[in-house]
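Notes to accompany the following structure.
The values are calculated or read from the model by the stated rules, or taken from the named source; none is laboratory data. It should be emphasised that the depicted structure is a prediction, and the values quoted were computed from it without experimental measurement. All Cβ positions, glycine included, derive from the backbone under ideal geometry; neighbour counts span all protein chains shown. To get the accessible areas, we keep the full protein, side chains included, count just its heavy atoms, and leave off ligands, DNA and RNA. Shrake-Rupley method; radii C 1.70, N 1.55, O 1.52, S 1.80 Å.
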Amino acid sequence: MPPQNTAWPEHRNFLDSAREKDATDVLAPFRQRFHVPPHGSGEALYFTGNSLGLQPVGARDIIEGELEDWRKFGVEAHFEGRRPWVSYHREATDDLAAIMGAQPSEVVAMNALTVNLHLLLISFYRPSGRRTKLMIEAGAFPSDRYAALSQLRLHGLDPKEHLIELAPREGEVTLRTEDITDRIAREGDALACVMLCGVQYYTGQWMPMADITAAAHAVGATCGFDLAHAAGNVPMALHDWNVDFACWCGYKYLNGGPGCTAGAFVHERHAARPDLPRLEGWWGHSEARRFKMEPDFELMHGAEGWQTSNAPVMNMAALLASLAEFRAAGMGRLREKSLALTAFLEAGIQAVAASTGAPLEILTPSDPDARGCQLSVVAHGQGKALFQHLTDHGVIVDWREPAVIRMAPVPLYNSFADVADFLGILHDGLRGDA
Ligand SMILES: *Cc1c(COP(=O)(O)O)cnc(C)c1O
């Protein structure tokens, strides 16, 4: 990774500027709290925190602590452990609530993302009479689309008639706020539920979540979000925005490790509603009476009432290590750095495009309020050779055919120097100076 050898004269300016920004970055020390994969004698340029966040250094201690409690106490660790397993999911609650802009009673760590999406759709997509339609975005993450289609079929509804897939205008790649809200208004009382992403995984667009929720409620529909790419990336206020339900995974920006326990949000106004149909299990049943093993189900208050099973302790341990870093950094400061970091990357990509003549197109909205940290860039006319060049130089980005590079400079562990180094490598890859 020798960025100083780049053939790009302008690179010096970006490097100098990056050093200046890193020197005054109050979050810079957090990089040491994560394991950045090695490359050669140095570190990789890791820009795929949108896919799998890096391992928190603190994860090992927490996981080893749970292993030790298991050795020492066996089943008794459910009550005797340092973090009693019987209420392990609650170790994550306050931090998740802060990250999502929710009350603690509104969030719960449980299951996996798509499982949670199904559990919540069972409760909040209740087609009846004229009101039957479910709205998702065209180009939704496949798992979300599969979930939506199968939910429709569960109700005996034909997706062709009852699934709305919201598409951008002809020739555009992201959705306009007025197009979303107009469509919701037009569907009116035919619309049962709006279920969109918070941040779109492919384009990086941050949806106008408050506007969408208000529009859905205005026509009497419920509104929920898949926050896989929003959780830990953009600041949210799920409670104040009146979002009905949401879910996210723990392994992207939340750095909980592969297959990490996901999360769910249910607004407080639905907290004590035994009338809402749901798939029940013993962990959603009254905590005080759970071990009495009685036949009757008594619903728990809040999001915890959607739990079915006891917490997967080992699988949540690393998440707790990461949440501690989020607590220390704070979403406000993370967002502030994120805005600067992504703007720096954006300006750099434009400069590289200008000096190489390569037609680099950024799909992600240029409005900072309509995006998180991720930029999705189309390198028109470039093939796998460019991706190979980036990989050979220690750049880890997500590459999708045809030549779409998704990259997420993550404020918790990426530096401005990471971005500047990347720009030099990108420049040379485009010039063929590799
Ligand atoms: C990452 C992602 C998923 C993955 O689902 P899992 O249930 O965690 O395997 C689903 N939906 C979206 C929008 C995602 O970004």
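Full extension of the chain between S128 and K292 gives 55.3 nm of extra length, using 0.36 nm per residue less the Cα-Cα distance. The mean sequence distance of close C-alpha pairs (under 8 Å, at least 6 residues apart), as a share of the length of region 241-325, puts its relative contact order at 34 percent. Only Cα pairs under 8 Å and 6+ residues apart enter the sum, and on that basis the relative contact order of region 61-328 stands at 24 percent. The heavy atoms of L45 offer some 0 square angstrom of accessible surface to a 1.4 angstrom probe. Computed from backbone phi with θ = phi - 60° and the Karplus coefficients 6.51, -1.76 and 1.60, the 3J(HN,Hα) list for region 358-367 is 6, x, 8, 10, 8, 6, 5, x, 7, 6 Hz; x is used for glycine and proline. Computed from Cα atoms, the angle from the helix 113-124 axis to the main principal axis of the chain rounds to 40 degrees. Each Lys and Arg adds +1 at its Cβ and each Asp and Glu adds -1 at its Cβ; summed about the Cα centre, region 164-262 shows a dipole of about 300 debye. Put a dot 7 Å past the Cα of A185, heading toward its Cβ, do the same for R19, and the two dots end up 5.5 nm apart.
Given R0 = 45 Å, the distance between the Cβ atoms of R269 and E64 translates into a calculated FRET efficiency of 0.65. Relative to the Cα centre, the charge distribution of the chain, modelled as +1 at Lys and Arg Cβ and -1 at Asp and Glu Cβ, gives a dipole magnitude of about 420 debye. Of the two radii for region 208-304, the radius of gyration is 1.03 times the Kirkwood radius, both from the alpha carbons; that is the Rg over Rh value. Length gained on full extension, M314 to A7, computed as 0.36 nm times the residue gap minus the Cα-Cα distance: 105.7 nm. Computed over protein heavy atoms with a 1.4 Å probe, the accessible surface of the chain works out to 41 Å² per residue. Largest to smallest in accessible area, the residues T24, T261 fall in the order T24, T261 (1.4 Å probe, all protein chains included). Using only Cα atoms, tell me the angle between helix 209-218 and the longest principal axis of the chain; keep it within 0 to 90° and round to the nearest 10. Tilt of helix 209-218: around 40 degrees.
Of the accessible area of the chain, computed with a 1.4 Å probe over protein heavy atoms only, carbon and sulfur atoms account for 52 percent.
Can you give me the Rg/Rh ratio for region 46-170, using Cα atoms for both radii and the Kirkwood formula for Rh? Working shown, then result.
Details: Rg = 20.2 Å, Rh = 18.3 Å.
Rg/Rh: 1.11.
Shown here: region 61-328, whose C-alpha atoms stretch 62, 41, 29 Å along the first, second and third principal axes, sorted largest to smallest.
Considering only lysines 8 or more places apart in sequence, or on different chains, count the pairs in the chain whose C-alpha atoms sit under 29 Å apart.
The result is 6.
Principal-axis analysis of the Cα atoms of the chain puts helix 142-154 at an angle of about 20° to the longest axis. With each label modelled as a point 7 angstrom along the Cα→C-beta vector, the R169-A340 pair spans 3.6 nm. On the beta carbon distance between S366 and A328, with R0 = 35 Å, the FRET formula returns roughly 0.65.
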